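S.K.: The structure that follows is given in the form of structure tokens.
The values are calculated or read from the model by the stated rules, or taken from the named source; none is laboratory data. Remember, predicted model here, so these are calculated numbers, not experimental data. Using ideal geometry, Cβ is built from the backbone for each residue, glycine included, and neighbour counts are taken over all protein chains shown. We work out accessible area using only protein heavy atoms, side chains counted, and drop any ligands, DNA or RNA first. Shrake-Rupley method; radii C 1.70, N 1.55, O 1.52, S 1.80 Å.
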Amino acid sequence: MDVSLYQAAAAMNATERWQELVSDNIAAASIPGARKREISFSAVQAGLAPQAALGSLHYVIPSATTAVNFQQGELHASANRMDFALEGPGFFTVQLPSGQTAYTRDGQFNLNAQGQLVTNQGYLVLGQAWPIQFDPNNGGAITISDSGDVSQGAEKKNTLQLAEFNNPALLTPLGGGIFTADNSALQKTSATATHVRQGFIEAANTSPTEQMATLITAMRMFEANQKVLQMQSDRMSREITDLGNPS
């Protein structure tokens, strides 16, 4: 068994995953509040079954794991009073079309035909007990306080259902800056460390320029491992040819 072939192939697989991840990050860089995903590499010990003559044979195989980076993005003032950004570790709570509860940092909100507060994707933004509803006959300005109190003119309508988690890394990313809390180890707490900023947008915590530079590095690593794999394959071919043609 030629371990080097497996090692090179595993390294190619890991760097291919890296390229896919970077491509996803580039696509997400334009989404307000989006969180980039990062990859880390490690060596996993593997081995062959013990043989009487050789004993146990051990070697290492490259492995890759991914995780979401929840570092705060930069806040930028906008001219839209329906833009909201979060300072701190919390999330807006939304309802997916399936009825499932999800979480996002994207605060570019609108009103649907029923006068309900929704995300750009049309997901209902949830208050403390129900979706946030406005009165179309009330011409008062829509405001949301630092703590998430929602008002229309002088009338308080609801309070944003903001959520913080004991370990955000356990959230499940669905794409488009949306997460679900499927892991039983997650504990949702009140958002005491999170504040709402009306008229602001939180940028994604990455940029296309940063990700393009990372993509070039990943492609070069893939090509290097591809060359190693080809060299090992050529070497094995020569050895087989030599064995089949003894002098």
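S.K.: Which residues, taken from the stretch 114-137, are in contact (Cβ under 8 Å) with a residue 24 or more places away in the chain and in contact with a strand residue (DSSP E or B) (Cβ under 7 Å, 6 or more places away or on another chain)?
M.R.: 117, 119, 123, 124, 125, 126, 127, 128, 131, 132, 133 - these are the residues of the stretch 114-137 that are in contact (Cβ under 8 Å) with a residue 24 or more places away in the chain and in contact with a strand residue (DSSP E or B) (Cβ under 7 Å, 6 or more places away or on another chain).
S.K.: Is there any pair linking a residue in the stretch 19-34 that is of a type in the set (Asp, Glu) to one that is open to solvent by 50 Å² or more (accessible area, probe 1.4 Å), with Cβ under 7 Å and at least six apart or on different chains, and which?
M.R.: Correct list of pairs: 24/37.
S.K.: Also: Evaluate the stretch 35-49: report whether one residue or more is in contact with a Pro (Cβ under 8 Å, 6 or more places away or on another chain), open to solvent by less than 40 Å² (accessible area, probe 1.4 Å) and at pLDDT below 90.
M.R.: No: the stretch 35-49 contains no residue that is in contact with a Pro (Cβ under 8 Å, 6 or more places away or on another chain), open to solvent by less than 40 Å² (accessible area, probe 1.4 Å) and at pLDDT below 90.
S.K.: Counting residues that are among the hydrophobic types (A, V, I, L, M, F, W, C) and either open to solvent by 50 Å² or more (accessible area, probe 1.4 Å) or out of contact with any Lys or Arg (no Cβ under 6 Å at 6 or more places or on another chain) (or both), which strands (runs of 3 or more DSSP E) fully inside the stretch 122-164 reach at least 2?
M.R.: Here the list reads 142-144.
S.K.: State whether the residues of the stretch 93-116 include one that is over 24 Å from residue 169 (Cα atoms), among the charged types (D, E, K, R) and open to solvent by less than 40 Å² (accessible area, probe 1.4 Å).
M.R.: Taking every residue of the stretch 93-116 in turn, none turns out to be over 24 Å from residue 169 (Cα atoms), among the charged types (D, E, K, R) and open to solvent by less than 40 Å² (accessible area, probe 1.4 Å).
S.K.: A further question follows. Would you check which residues across the stretch 199-214 are open to solvent by 30 Å² or more (accessible area, probe 1.4 Å), over 15 Å from residue 106 (Cβ atoms) and outside any loop (DSSP other than H, G, I, E, B) and list them?
M.R.: Across the stretch 199-214, the qualifying residues are 208, 209, 210, 212, 213, 214.
S.K.: Can you tell me which residue within the stretch 80-92, out of those that are closer than 15 Å to residue 201 by Cβ and in contact with a Lys or Arg (Cβ under 8 Å, 6 or more places away or on another chain), is most open to solvent (accessible area, probe 1.4 Å)?
M.R.: 87
S.K.: Look through the stretch 185-198, keep the residues that are of a type outside the set (S, T, N, Q) and surrounded by 14 or more Cβ atoms within 10 Å (Cβ to Cβ), and return whichever of them is farthest from residue 75 (Cα to Cα).
M.R.: In the first step, residues of the stretch 185-198 are kept if they are of a type outside the set (S, T, N, Q); the result is 185-186, 188, 191, 193, 195-197.
Among the residues that remain, those that are also surrounded by 14 or more Cβ atoms within 10 Å (Cβ to Cβ) are: 186, 188, 191, 195-197.
Numbers: 186: 27, 188: 24, 191: 19, 195: 12, 196: 11, 197: 9 Å.
The qualifying residue farthest from residue 75 (Cα to Cα) is 186.
S.K.: Examine the stretch 70-79 for a residue that is among the hydrophobic types (A, V, I, L, M, F, W, C), in a strand (DSSP E or B), surrounded by 12 or more Cβ atoms within 10 Å (Cβ to Cβ) and at pLDDT 95 or above, and state whether such a residue exists.
M.R.: Looking through the stretch 70-79, at least one residue is among the hydrophobic types (A, V, I, L, M, F, W, C), in a strand (DSSP E or B), surrounded by 12 or more Cβ atoms within 10 Å (Cβ to Cβ) and at pLDDT 95 or above.
S.K.: Could you run through the stretch 165-184 and say how many residues are part of a loop (DSSP other than H, G, I, E, B) and open to solvent by less than 20 Å² (accessible area, probe 1.4 Å)?
M.R.: 2
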